[in-house]
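J.: To start, I am sharing the structure in question, which I have written as structure tokens.
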Amino acid sequence: MSDFDVAVIGLGAMGSAAIAHLAERGIRAIGFEAKFPAHGLGSSHGDTRLIRLGYFEDPAYVPLLHRAYANWRALEAASGAELLTVSGILQIGRPDSGIVAGTIASCELHGLPHEVLDAAAMARRFPAMRLEPDEVAVLEPQGGFLRPEAAVTAHLKVAVGAGAVLRLGEKVTAIEPDDAGVTIETEHSRVRARKVIVATGPWIADLVPALVGIAQPIRQVVAWYTPDDAITTLGPMLPFLLDEAEGGSFFGVPALGPDGLKVGKHAHFMEPIDPDQPNPQVNDADLAMLDDFVTRRIPVATGHRRAAITCRYTMLPGEDFLLDHLPGEPRIVVASPCSGHGFKFASVVGEILADLATEGGTALPIGAFSFAALDAKRG
Ligand SMILES: Cc1cc2nc3c(=O)[nH]c(=O)nc-3n(C[C@H](O)[C@H](O)[C@H](O)COP(=O)(O)OP(=O)(O)OC[C@H]3O[C@@H](n4cnc5c(N)ncnc54)[C@H](O)[C@@H]3O)c2cc1C
């Protein structure tokens, strides 16, 4: 007999959500985390993560986002933690840019409230930000931000409260499926479970060799600026995405506290990294790029950088998700780290992973996130 029904490996955004959903269903679940929850070498730390409904990447994500919002609110109720702030979000660029055109298309298709502001209206309402005369902003009132460290902690609190076992600081070294279940080998022990969910973020390919050379961790840098001006605080300023076409997409969160305004560029310089090495230091080129953006777009913050950190995205082809059983292996469920835009979905990804591990499938729309779809994207 197995010691547990389901073992979850990796307790970042995705694994912590999965084990919470499993435990709430009365499933005997155990979670392994090599380090500690929301640590600085994973992808689920750094104060804030943006969330929005009008998904420019693909309107097909919107039903999952509705479910994610509901699940975040349910997690707040269950844990007592404040996790989701709905403040509104600005998605900025030229009208034909991917972010603006895609957000409007997504909002129109799904009947989501939104407002399009031209550069003059933006200057009046959000004076910290500078737009080019031919740019617009889509203001989506349902957008906002999540608190990643608190969200991971809340999911784990719910999981433990419902009877899950957590092994923190215990790295899984191998998973061996057989006819009766799966043996999970760790640095310290060996555990049997009927099913296993692998949600190991940048290290996903260590336990899922099928993803070697496909799931690519890259270096990401974010910086904080503390201008002495209230127009960069939440309210006078909103969280934003800004599409500079060939210059890339930037994101930011207004000052929420003493750390100030946070700014980054999606996928940064697309530099591959080895997840087993310490994060490479922030360098002059990183800072020059972010400072240049701030000088052009949020000039009041120029010269007020106070901190910058390196962290990790893990990219898949098509910048998409992978949520599926390992082909030919119904005992192993794989959850990819979601290509730099997955945090907002973690609350529903946890539900999906629990469905896959316990029911063998899910009613939620994840057809685009299968191994077969991944193969098709790789051409
Ligand atoms: C700077 C930055 C900004 C982002 N902004 C946004 C945003 O605004 N909105 C959004 O939706 N998303 C955003 N993302 C993406 C989002 O944060 C990630 O998609 C998400 O956090 C990935 O979570 P994860 O659980 O897959 O990985 P992780 O959080 O990295 O968790 C994986 C865990 O597995 C553990 N582990 C690894 N190997 C083993 C092993 N062998 N045994 C046991 N444990 C193991 C690791 O220690 C780690 O804790 C951003 C990411 C970054 C880095």
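J.: Among what's in the stretch 332-351 and is part of a loop (DSSP other than H, G, I, E, B) and under 14 Å from Ala199 (Cβ atoms), pick the residue that is farthest from the chain's Cα centre (by Cα).
T.: Let us first name the residues in the stretch 332-351 that are part of a loop (DSSP other than H, G, I, E, B), namely 336-342.
Then keep just the ones that are under 14 Å from Ala199 (Cβ atoms); that gives 336-338, 342.
Values: Ser336: 11, Pro337: 7, Cys338: 7, Gly342: 3 Å.
Restricting to residues being part of a loop (DSSP other than H, G, I, E, B) and under 14 Å from Ala199 (Cβ atoms), the top hit is Ser336.
J.: Here's another thing I want to ask about it. Considering only the stretch 135-161, state which residues are part of a strand (DSSP E or B) and more than 10 Å from the ligand (Cβ to nearest atom).
T.: Of the residues in the stretch 135-161, the ones part of a strand (DSSP E or B) are 136-140, 144-146.
Scanning the stretch 135-161 gives Val136, Ala137, Val138, Leu139, Glu140, Gly144.
J.: Can you report the number of residues in the stretch 162-203 which are over 20 Å from His21 (Cβ atoms) and not in a strand (DSSP E or B)?
T.: Count: 10.
J.: Kindly check whether there is at least one residue in the stretch 349-371 that is under 20 Å from Val222 (Cβ atoms), surrounded by fewer than 14 Cβ atoms within 10 Å (Cβ to Cβ) and away from the ligand (no atom under 16 Å from the Cβ). Reasoning before the result, please.
T.: Here is the first cut: in the stretch 349-371, the residues under 20 Å from Val222 (Cβ atoms) are none.
Looking for residues that are under 20 Å from Val222 (Cβ atoms), surrounded by fewer than 14 Cβ atoms within 10 Å (Cβ to Cβ) and away from the ligand (no atom under 16 Å from the Cβ), one finds none in the stretch 349-371, hence no.
J.: Mind listing whichever residues of the stretch 190-234 are free of Cβ contacts under 8 Å to residues at least 24 places away in the same chain and more than 9 Å from the ligand (Cβ to nearest atom)? Before you say what the answer is, go through the steps one by one.
T.: If we filter the stretch 190-234 for residues that are free of Cβ contacts under 8 Å to residues at least 24 places away in the same chain, which is where we start, we get 190, 205-206, 209, 212-213, 230, 233.
Result: Arg190, Ala205, Pro209, Val212, Gly213, Ala230, Thr233.
J.: Follow-up question, since we're still on this one. Filter the stretch 1-17 for residues that are closer than 24 Å to Asp179 by Cα and either in a helix (DSSP H, G or I) or more than 8 Å from the ligand (Cβ to nearest atom) (or both) and give the result.
T.: Within the stretch 1-17, Met1, Ser2, Asp3, Phe4, Asp5, Val6, Ala7, Val8 meet the criteria.
J.: Do we have Leu83 as among the hydrophobic types (A, V, I, L, M, F, W, C), more than 24 Å from Gln220 (Cα to Cα), outside the structural domain of Ala363 (by TED's automatic domain parsing) and within 15 Å of the ligand (Cβ to nearest atom) here? Please lay out each step first, then the result.
T.: Values: among the hydrophobic types (A, V, I, L, M, F, W, C): yes; more than 24 Å from Gln220 (Cα to Cα): no; outside the structural domain of Ala363 (by TED's automatic domain parsing): yes; within 15 Å of the ligand (Cβ to nearest atom): yes.
Taking the combined requirement at face value, the residue does not satisfy it.
J.: Report the residue count in the stretch 324-379 for those that are at pLDDT below 95 and among the basic types (Lys, Arg).
T.: 2
J.: Oh, and also: Anything in the stretch 18-50 that is buried (at least 24 other Cβ atoms within 10 Å of the Cβ) and not in a strand (DSSP E or B)? List them, or say none.
T.: Scanning the stretch 18-50 gives Ala18, Ile19, Ala20, His21, Leu22, Ala23, Gly42, Ser43, Ser44.
J.: What do you reckon, is Arg28 touching a residue at least 12 places away in the same chain (Cβ under 8 Å) and more than 8 Å from the ligand (Cβ to nearest atom)? Outline the logic, then answer.
T.: Details: touching a residue at least 12 places away in the same chain (Cβ under 8 Å): yes; more than 8 Å from the ligand (Cβ to nearest atom): yes.
It is true that Arg28 is touching a residue at least 12 places away in the same chain (Cβ under 8 Å) and more than 8 Å from the ligand (Cβ to nearest atom).
For (1) of a type outside the set (Val, Ile, Thr); (2) out of contact with any Ser or Thr (no Cβ under 8 Å at 6 or more places or on another chain), each residue gets a yes or a no:
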| position | (1), (2) |
| --- | --- |
| Val100 | no, yes |
| Phe126 | yes, yes |
| Asp134 | yes, yes |
| Leu139 | yes, yes |
| Gln142 | yes, yes |
| Glu149 | yes, no |
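J.: Here is a further query. Out of Glu319, Glu329, which single residue is over 14 Å from the mean Cα position of the chain (by Cα) and either more than 9 Å from the ligand (Cβ to nearest atom) or crowded, with 24+ Cβ neighbours inside 10 Å (or both)? Give the steps one after another, and end with the answer.
T.: Working: Glu319 fails: over 14 Å from the mean Cα position of the chain (by Cα).
Result: Glu329 is the single residue among Glu319, Glu329 that is over 14 Å from the mean Cα position of the chain (by Cα) and either more than 9 Å from the ligand (Cβ to nearest atom) or crowded, with 24+ Cβ neighbours inside 10 Å (or both).
J.: Mind listing whichever residues of the stretch 150-181 are touching an Asp or Glu at 6+ places or on another chain (Cβ under 8 Å), of a type in the set (A, V, I, L, M, F, W, C) and closer than 21 Å to Arg331 by Cα?
T.: Answer for the stretch 150-181, where residues must be touching an Asp or Glu at 6+ places or on another chain (Cβ under 8 Å), of a type in the set (A, V, I, L, M, F, W, C) and closer than 21 Å to Arg331 by Cα: Leu166, Val172, Ala174, Ile175.
J.: Go through (1) outside any helix (DSSP H, G or I); (2) over 19 Å from the mean Cα position of the chain (by Cα); (3) at negative phi for Leu53 and report which single condition fails.
T.: (2)
The values are calculated or read from the model by the stated rules, or taken from the named source; none is laboratory data. Remember, predicted model here, so these are calculated numbers, not experimental data. Using ideal geometry, Cβ is built from the backbone for each residue, glycine included, and neighbour counts are taken over all protein chains shown.
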